Structures are given as C-alpha cells and as structure tokens.
Amino acid sequence: MEESTPLSSAEKKELRGMAQRLKPQVRVGRQGLSGTVLGEIETALAGNGLIKIRFEGEREAVRQFCAEIPEKTGCEYVGGVGRVGVFFREMSD
C-alpha cells in the first residue's frame with residue numbers, strides 16, 4: 001500500500017460537509033480499540049471511505065482514540081465534534 005498525500009484544509013472541509021449527513025457507523029466503547037472494533041473500522045472504511053465514529057468516554061480518551069485510529073488503519077482524521085469523529089481513506093479500485 002503506497003503512502004497517500006495528506007488532505008488539504010479545503011479537502012477536509014468538503015469531507016466534513018459530506019459527513020454531516022452520515023450516521024455513525026462504528027461505536028467505540030469505554031473498553032477502547034479492541035481488535036474487533038479495529039476490524040469493524042477497517043470494514044467500514046473499505047466499504048465507504050468516509051465514516052463517522054461515535055466514542056464513549058472522557059474527552060482525553062476521545063482525543064487519544066482519534067490519534068490512534070489513523071495510525072492503526074492508515075486513514076486520516078478529518079475532524080469531529082464532541083464524541084463523534086470523522087475519518088477518511090481513499091478507496092482502492
């Protein structure tokens with residue numbers, strides 16, 4: 001898998017706008033990022049490219065999850081509000 005270029009601010013803004021109409025596809029509980037949850041995130045990214053994830057827990061835990069998910073899945077954190085994060089990964093052909 002080749003490394004993609006980071007998204008520009010304008011691209012992130014457009015993706016956030018598109019994500020407003022999405023419902024969270026994955027929920028991350030207080031137990032964190034288990035192998036099962038990461039598998040669900042991978043499946044959702046492969047199927048859609050742009051996904052919303054709802055987190056349970058404190059703000060610091062949510063920030064940590066938003067930093068860990070891109071490292072572990074190769075996606076990019078686009079933005080988020082409160083306990084919801086938006087992630088994007090180019091879909092393979």
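The values are calculated or read from the model by the stated rules, or taken from the named source; none is laboratory data. Predicted model only: the values in this text are computed from it and were never measured. Every residue, glycine as well, gets a Cβ built from its backbone with ideal geometry; the counts of neighbours run over all protein chains shown. Surface areas here come from the heavy atoms of the whole protein model, side chains and all, with no ligands, DNA or RNA. Shrake-Rupley method; radii C 1.70, N 1.55, O 1.52, S 1.80 Å.
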For the chain, what is the accessible area per residue in Å², given a 1.4 Å probe and the full set of protein chains?
68 Å²
Ignoring ligands, DNA and RNA, what percent of the 1.4 Å accessible area of the chain is carbon and sulfur?
47 percent
Starting from the amide H of Val28, placed 1.01 Å from N in the peptide plane, find each other amide H under 5 Å away whose residue is 5 or more places distant or on another chain.
Arg54, Phe55, Glu56
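Can you check what the net charge comes to around Gly82, using other residues whose Cβ is under 11 Å from the Cβ of Gly82 (Lys, Arg +1; Asp, Glu -1)?
Details: positive: Arg54, Arg59, Arg83; negative: none.
Here the count lands on +3.
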Sequence neighbours fewer than 8 away in the same chain don't count; with that in mind, list the lysines whose C-alpha is under 17 Å from Lys12.
Lys52
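Charges only on Cβ, +1 for Lys and Arg, -1 for Asp and Glu: so what's the dipole of the chain about the Cα centre, in debye to the nearest 20?
Numbers: 14 positive and 14 negative charges, 132 e Å.
With Lys and Arg at +1 and Asp and Glu at -1, about 640 debye.
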Once you keep just the Cα pairs under 8 angstrom separated by 6 or more residues, what percentage relative contact order results for the chain?
31 percent
Matching label for the computed Rg and Dmax of the Cα atoms in Å, out of [x] 15.6, 51; [y] 12.4, 37; [z] 13.1, 43, is [y]
How far, in degrees from 0 to 90, does helix 9-19 lean away from the longest principal axis of the Cα atoms of the chain, to the nearest 10?
60 degrees
Within the chain, what's the longest run with no GluC sites (Glu not before Pro) in a DSSP loop and at most 11 other beta-carbon atoms within 10 Å? Give the range, please.
4-57
